[in-house]
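The values are calculated or read from the model by the stated rules, or taken from the named source; none is laboratory data. Remember, it's a predicted structure, so these values are computed and weren't measured experimentally. Here the Cβ positions follow ideal geometry from the backbone for every residue, glycine too, while neighbour counts run over all protein chains shown. Ligands, DNA and RNA are stripped out before the accessible areas are found, and what is left, the full protein with its side chains, is counted by its heavy atoms. Shrake-Rupley method; radii C 1.70, N 1.55, O 1.52, S 1.80 Å.
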Protein chains: 2
Amino acid sequence: MSTEAPQEAVTLAQFLDSIAAPSATPGGGSVSALAGSLAAALVEMVINLTVGKKGFEGKEPELQKIREEAHSCREALTATIVQDSLAYQTVMNAFLLPRKTEDEKSKRKEEIQQALKKAADPPLFTTVTSLKVMKLCQEAVEKGNPRTISDAAVGALLADAAMGGGIFNVLINLSALEDQHFAERMKKELRRLEAEGATMKNIILARIQEKINCR
Amino acid sequence: MSTEAPQEAVTLAQFLDSIAAPSATPGGGSVSALAGSLAAALVEMVINLTVGKKGFEGKEPELQKIREEAHSCREALTATIVQDSLAYQTVMNAFLLPRKTEDEKSKRKEEIQQALKKAADPPLFTTVTSLKVMKLCQEAVEKGNPRTISDAAVGALLADAAMGGGIFNVLINLSALEDQHFAERMKKELRRLEAEGATMKNIILARIQEKINCR
């Protein structure tokens, strides 16, 4: 896939082929963003199969709020599929800069470090936004049509994978970074997000297990 | 998305829209199969970025074997995206059968039970095949180019989500099934697969953490 191609024009089969292809992008960062998008779409599905159904009268305003938030997360995460690839290409371009003179070496090193810092942004965004999606999955489980419980469950699993994938992709950039202060601050933030996501995932899955066993 | 449409013709954006739409298919079962497909594509990517690289001379035969297996899992899981939807539609159609006379009621009940059993096949296939993909992720982590470690990591996370999603989708079908003998046998098999997947995921992620920290 050309990362400049509009997302709409890429078919599922082409996207899978472009992941498998022998090029560094799109890779795990883009797939993580897509996983978050799929989770958000599942939240929208749950709400769409709840609004207007018997037993959910008068719940429209809060259900619509969940759906709107999920839709906005989905759009942002879908855009991140390409942004992640572009950010990583900037890193690769920096590595290709000339390094014959001392000046060139110093400029190249600086460009690489700058690019690495920027390349951490898309996977960090994927992590933060997928945590939001996880919270929306919890709302979908609590407030949605019980018939859609397995869809909300898959949403939570995908949001979790998206968060984990985002975290690995930030960490891999940090491991090559010289600014230890920046790296440590970022790692602390990642640990916080990871812990919050894990707690929420466990709450959601326990609730779903409970509901499935009660059917 | 029309579930009869060839997979190749469905764009990423259309697929996401079809998940979000107020229809029961495609839903969590199809998304789980796609998650497994994405994981398999990431294994192929890792191998494609390893074969022919310095330090991997003479490893072609074993690397190509991993890639071929990953490709075959990807194709099978991609086909399951549609098969899952079709199997669930058969369940929904059975629920729509007439139920005025005793004969009709009895026939409808039998059709529903048959359809529920068959609808467990695609998510069970997703679970079993995603466990294979998880094993391929482990091989990719051990034998692949260290530069692709975060791609293999995302592969393992997605394979895990695909397995979990498959399991939830089988369970939801079993919960409406009257054949308790069948349901118990299936649940036992799911627990075995789940335990094997969880052990393998933990081994892979611990190995990746170790490798990232050593960079």
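Per-residue answers, yes or no, for (1) in a helix (DSSP H, G or I); (2) among the β-branched types (Val, Ile, Thr); (3) within 12 Å of the chain's Cα centre (by Cα); (4) facing chain B (nearest Cβ under 9 Å):
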{"residue": "A:40", "(1), (2), (3), (4)": "yes, no, yes, yes"}
{"residue": "A:43", "(1), (2), (3), (4)": "yes, yes, no, yes"}
{"residue": "A:54", "(1), (2), (3), (4)": "no, no, no, no"}
{"residue": "A:68", "(1), (2), (3), (4)": "yes, no, no, no"}
{"residue": "A:72", "(1), (2), (3), (4)": "yes, no, no, no"}
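Within the stretch A:138-184, being charged (D, E, K, R) and within 17 Å of the chain's Cα centre (by Cα) holds for one residue alone: A:160.
What do you reckon, is residue A:69 acidic (Asp, Glu) and under 30 Å from residue B:12 (Cα atoms)? Yes, satisfied.
Against the numbered list (1) within 11 Å of chain A (Cβ to nearest Cβ); (2) among the hydrophobic types (A, V, I, L, M, F, W, C); (3) outside any helix (DSSP H, G or I), residue B:97 comes up short only at (1).
What residue, among those in the stretch B:24-53 that are more than 19 Å from residue A:20 (Cβ to Cβ) and at pLDDT below 95, is surrounded by the fewest Cβ atoms within 10 Å (Cβ to Cβ)? Here the answer is B:24.
Scanning the stretch A:171-192 for any residue that is buried (at least 24 other Cβ atoms within 10 Å of the Cβ) and within 12 Å of chain B (Cβ to nearest Cβ) turns up at least one such residue. For the stretch B:114-215, the helices (runs of 4 or more DSSP H) that sit wholly inside it and include 1 or more residues that are free of Cβ contacts under 8 Å to residues at least 24 places away in the same chain are B:149-174, B:180-214. Tallying residues that are within 13 Å of chain A (Cβ to nearest Cβ), open to solvent by 50 Å² or more (accessible area, probe 1.4 Å) and over 14 Å from residue B:31 (Cα atoms) within the stretch B:74-94 yields 2.
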